[in-house]
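Below is one structure, written out as structure tokens; the observations come after it.
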Amino acid sequence: MKLIKLITVLAIGLLLSLQAVSAGTGLAQEKSEDGRFAVVINAKNEFKGEGKDARDAVRRLFLKDASTWSGTKHKAKAFDRGAKDDAHISFVTDVLEMKESELAKHWIMVKQKSGETRPREVDSDRSLFKMIAKYDGALGFAETSSLEDLPEGTKVLFTFGEPEKK
Amino acid sequence: MKKQNLFPLAQPCASVGLALLLISGAASAQADTDRIQELEDRIDSLEDQLLDVDERVGTRAVVHAFDALQMDFGGFATQRVNAVKSDAHTRAAFDMGQFELFLKAIIDDDWEFFSILEFKRVASLNESDTKDVQFGSIANKADLELYWFNYRLADSLQFRAGRFIAEHGIINVEHFQPTLLHLDYPMFMRKKPGSGSNNSGSLSFFERFMVGAMAHGQTSVGDDNSLVYNAYIGTDKQNGMDYQSGARAALSWGHSGLTTGLNFGHGNHGAVVNGNSYDFWGVDLLYDKDAILWKNELYASKEDVGTEDRLGWYTQPAVRLADKWIAFYRYDFLDNADLGKGDQTEHVVGINYLPNPLVRLRATATQASFDLPDDDFTSFQLSATISF
């Protein structure tokens, strides 16, 4: 009888602890099923594009081939991550569909033709999210696991990249 | 008599409560540890940013634009050494050194200003005597190469005024040395009718720079296609009344890497060729995907009086051997009508090495041939361009 009680107590305790642990990481697990990284934009941005349209729009705006979000009056303000950051590497491959050397050539070309500069690099997720919340036309990207820190005034446009292998 | 337990569930309940208390305490401690770790990470990140800013600025003065929202500086520098072998002599010279400074000011979301200052030392190649091609004297040049302000009504319609690039074809649009595989432009861009000079300059098929006004823009067409277009009027000759007008439209076909362009315009040679006016048109085809970079342009002119019609074209396939190496070949043809040398052709082979995306080292060999007289010469060039 005592053994049954002990097992019951341990089972309840184990159940409660598992629930507590899983509650904390639930968001990250749910998000990473779509993609390891997410493009984040300002919540006021009324851009309606989805799927391929959204990717094309982000590609054109990031590369400064366009300056305004389609269907809105918001001037785009793109933010990049450090060159060695996994988010940057995946963004260049999956969203821009370029090699790093092609991207470097693109920025030289853009600089010569119109004096445009490449998007500013932001290292910290929190700083990035704050910048995105500040500008209506802002866009940036981060690991989906960091989206727990996503402040008010921002939203996810789409996710990209292979989910991280566990 | 056996003592009866009045509260049979008290013991297990107490055990559960204790377990919950311990778990909750452990979870809370873990949460505090995580929170502290997160704060430490943020402090580390802020310190890194602070150090980065301090390293860039330190105790130096920070430059502010008087009124612009943003101001950017950049530029590039190029040095070339050139050896030319013709029938009579082989000559070599550090024939070109160039430094250009870019300045961009953003006034607000719609208005911006861009300028390029050019400083150049150049010894032009004189091909008047094809049996003894030689370098001219060093000429120093300081020029306001570009200056324009731009108003953006929308991405599809913008207006530009000042001195700007006449956006015809592929290479004239790219124009600047940090992206050029070969420093010499194709012949239709650099050879003047009635002149033996190889110097890049005005009075080629079209003026490469314009002082005037241009409307331009770009828009999406269909699912993935992108259309870029412009129309301009201006002048860049000694006589400010010799106008050139022109237009270009180029369509990029989705993600295929293919871009096709149509160009046409009207110009005037001014005093150089009897005040002759002419029309020109051109087509261009660019394929830029994966390892292949293939540029093709063809231009023709119809001259009013004083000279024959002209024709110039080139094809320039290139292969990216790796991220840092590009090999290319260019076949270049020019029928420049009154140049007095008949048709001219150039075969150029070369290789570019980019140890860093901002540094380009080139080695090229050119075989130039003339019909009248039947001569040719060979040149070998080494050059380096650094961009910043």
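The values are calculated or read from the model by the stated rules, or taken from the named source; none is laboratory data. Here the structure is a predicted model, which means the values were calculated and not measured. Neighbour counts run over all protein chains shown; Cβ positions are idealised from the backbone, glycine included.
Taking B:G312 and the conditions (1) out of contact with any helix residue (DSSP H, G or I) (no Cβ under 6 Å at 6 or more places or on another chain); (2) among the small types (G, A, S); (3) more than 22 Å from A:L103 (Cβ to Cβ), which numbered condition does it fall short on, given that it satisfies the others?
For B:G312, the exception is condition (1).
For A:E121, indicate whether it is surrounded by fewer than 16 Cβ atoms within 10 Å (Cβ to Cβ), modelled with pLDDT of 90 or more and among the charged types (D, E, K, R).
Values: surrounded by fewer than 16 Cβ atoms within 10 Å (Cβ to Cβ): yes; modelled with pLDDT of 90 or more: yes; among the charged types (D, E, K, R): yes.
Here the answer is yes, as A:E121 does meet what is asked.
Hey, any hits in region B:63-80 for a residue that's in a strand (DSSP E or B), closer than 30 Å to B:S124 by Cβ and polar (S, T, N, Q)?
yes
Listed residues A:S90, A:S127; which is under 15 Å from the mean Cα position of the chain (by Cα), of a type in the set (S, T, Y) and at the interface with another protein chain (Cβ under 10 Å from one of its Cβ atoms)? Steps first, please.
Numbers: A:S90 fails: at the interface with another protein chain (Cβ under 10 Å from one of its Cβ atoms).
After applying the criteria, what remains is A:S127.
Looking at this structure, is B:D110 farther than 19 Å from B:W148 by Cβ, charged (D, E, K, R) and assigned by TED's automatic domain parsing to the domain that holds B:R160?
Working: farther than 19 Å from B:W148 by Cβ: no; charged (D, E, K, R): yes; assigned by TED's automatic domain parsing to the domain that holds B:R160: yes.
It is false that B:D110 is farther than 19 Å from B:W148 by Cβ, charged (D, E, K, R) and assigned by TED's automatic domain parsing to the domain that holds B:R160.
Go through region A:59-166 and tell me which strands (runs of 3 or more DSSP E), entirely inside it, have 3 or more residues that are closer than 30 Å to B:R360 by Cα and in contact (Cβ under 8 Å) with a residue 40 or more places away in the chain. Before you say what the answer is, go through the steps one by one.
Working: elements: A:77-80, A:138-143, A:154-160.
Where strands (runs of 3 or more DSSP E) fall fully within region A:59-166 and carry at least 3 residues being closer than 30 Å to B:R360 by Cα and in contact (Cβ under 8 Å) with a residue 40 or more places away in the chain, they are A:77-80.
Among the numbered criteria (1) in a loop (DSSP other than H, G, I, E, B); (2) more than 17 Å from B:G282 (Cβ to Cβ); (3) at pLDDT 80 or above, which one does B:F206 miss?
Result: B:F206 passes all but (2).
Out of B:G234, B:G261, B:G306, B:G282, report the one residue that is modelled with pLDDT under 90 and not hydroxyl-bearing (S, T, Y).
Numbers: B:G234 fails: modelled with pLDDT under 90; B:G261 fails: modelled with pLDDT under 90; B:G282 fails: modelled with pLDDT under 90.
Residue meeting the stated conditions: B:G306.
Just to be sure before I move on: is B:T130 crowded, with 17+ Cβ neighbours inside 10 Å, touching a strand residue (DSSP E or B) at 6+ places or on another chain (Cβ under 9 Å), of a type outside the set (A, V, I, L, M, F, W, C) and within 26 Å of B:N356 (Cβ to Cβ) in the structure I sent?
Details: crowded, with 17+ Cβ neighbours inside 10 Å: yes; touching a strand residue (DSSP E or B) at 6+ places or on another chain (Cβ under 9 Å): yes; of a type outside the set (A, V, I, L, M, F, W, C): yes; within 26 Å of B:N356 (Cβ to Cβ): no.
Considered against the rule, which asks whether it is crowded, with 17+ Cβ neighbours inside 10 Å, touching a strand residue (DSSP E or B) at 6+ places or on another chain (Cβ under 9 Å), of a type outside the set (A, V, I, L, M, F, W, C) and within 26 Å of B:N356 (Cβ to Cβ), B:T130 comes out as no.
Within region A:14-29, can one find any residue that is modelled with pLDDT of 90 or more and among the polar types (S, T, N, Q)?
Going residue by residue through region A:14-29, those that are modelled with pLDDT of 90 or more are none.
Scanning region A:14-29 turns up no residue that is modelled with pLDDT of 90 or more and among the polar types (S, T, N, Q).
Suppose we keep only residues that are more than 8 Å from chain B (Cβ to nearest Cβ) and modelled with pLDDT of 90 or more within region A:99-113. Which one would you say is nearest to B:S115 (Cα to Cα)? First the steps, then the outcome.
Of the residues in region A:99-113, the ones more than 8 Å from chain B (Cβ to nearest Cβ) are A:102-103, A:106-107, A:110.
With the extra rule that they be modelled with pLDDT of 90 or more, the set shrinks to A:103, A:106-107, A:110.
Values: A:L103: 24, A:H106: 20, A:W107: 17, A:V110: 14 Å.
Looking at the filtered set, the residue picked out is A:V110.
Can you go through B:A10, B:A26 and tell me which one is more than 10 Å from every other protein chain (Cβ to nearest Cβ) and among the small types (G, A, S)? Walk me through how you get there before you give the answer.
Numbers: B:A26 fails: more than 10 Å from every other protein chain (Cβ to nearest Cβ).
Among B:A10, B:A26, only B:A10 is more than 10 Å from every other protein chain (Cβ to nearest Cβ) and among the small types (G, A, S).
Quick one: count up the residues across region B:377-388 that are of a type in the set (A, V, I, L, M) and within 14 Å of another protein chain (Cβ to nearest Cβ). Break it down stepwise before answering.
Start the filter on region B:377-388 by keeping residues that are of a type in the set (A, V, I, L, M), which leaves B:382, B:384, B:386.
Pick out the ones that are also within 14 Å of another protein chain (Cβ to nearest Cβ) and you get B:386.
Matching residues across region B:377-388 total 1.
How about region B:144-181: which of its residues are more than 13 Å from every other protein chain (Cβ to nearest Cβ), more than 23 Å from B:D110 (Cβ to Cβ) and surrounded by fewer than 22 Cβ atoms within 10 Å (Cβ to Cβ)?
The one that is more than 13 Å from every other protein chain (Cβ to nearest Cβ), more than 23 Å from B:D110 (Cβ to Cβ) and surrounded by fewer than 22 Cβ atoms within 10 Å (Cβ to Cβ): B:L144.
Can you name the condition, by its number, that B:T90 falls short on among (1) within 26 Å of B:D376 (Cα to Cα); (2) in contact (Cβ under 8 Å) with a residue 40 or more places away in the chain?
(2)
Read through the list (1) at pLDDT below 95; (2) in a strand (DSSP E or B), then give the number of the only condition that B:S115 fails.
Evaluating B:S115 over (1) at pLDDT below 95; (2) in a strand (DSSP E or B) leaves (1) as the failure.
What's the number of the only condition in (1) within 12 Å of chain A (Cβ to nearest Cβ); (2) modelled with pLDDT under 85; (3) in contact with a Lys or Arg (Cβ under 8 Å, 6 or more places away or on another chain) that B:Q49 fails to meet?
Of (1) within 12 Å of chain A (Cβ to nearest Cβ); (2) modelled with pLDDT under 85; (3) in contact with a Lys or Arg (Cβ under 8 Å, 6 or more places away or on another chain), only one is false for B:Q49: (3).
Among the residues of region B:222-259, which ones are of a type in the set (S, T, Y) and more than 18 Å from the chain's Cα centre (by Cα)?
Pass one, region B:222-259, residues of a type in the set (S, T, Y): B:226, B:229, B:232, B:235, B:243, B:245, B:252, B:256, B:259.
Residues satisfying the conditions are B:S226, B:Y232, B:T235, B:Y243, B:S245, B:S256.
Restricting attention to region A:49-58, which residues are assigned to a loop (DSSP other than H, G, I, E, B) and either touching a His at 6+ places or on another chain (Cβ under 7 Å) or not acidic (D, E) (or both)?
Kept after step one, since they are assigned to a loop (DSSP other than H, G, I, E, B), are these residues of region A:49-58: A:49-50.
If the condition is that a residue be assigned to a loop (DSSP other than H, G, I, E, B) and either touching a His at 6+ places or on another chain (Cβ under 7 Å) or not acidic (D, E) (or both), then A:G49 is the only one that fits.
Go through region B:349-374 and report how many residues are touching a strand residue (DSSP E or B) at 6+ places or on another chain (Cβ under 8 Å) and either outside the structural domain of B:L183 (by TED's automatic domain parsing) or not hydrophobic (A, V, I, L, M, F, W, C) (or both).
Residues of region B:349-374 that are touching a strand residue (DSSP E or B) at 6+ places or on another chain (Cβ under 8 Å), as a first pass: B:349-355, B:358-371.
Retained after the next criterion (residues that are either outside the structural domain of B:L183 (by TED's automatic domain parsing) or not hydrophobic (A, V, I, L, M, F, W, C) (or both)): B:350, B:352-353, B:355, B:360, B:362, B:364, B:366-367, B:369, B:371.
Going through region B:349-374 one residue at a time, the tally reaches 11.
Which residues, taken from region B:18-40, are small (G, A, S), surrounded by fewer than 11 Cβ atoms within 10 Å (Cβ to Cβ) and modelled with pLDDT under 80?
B:G25
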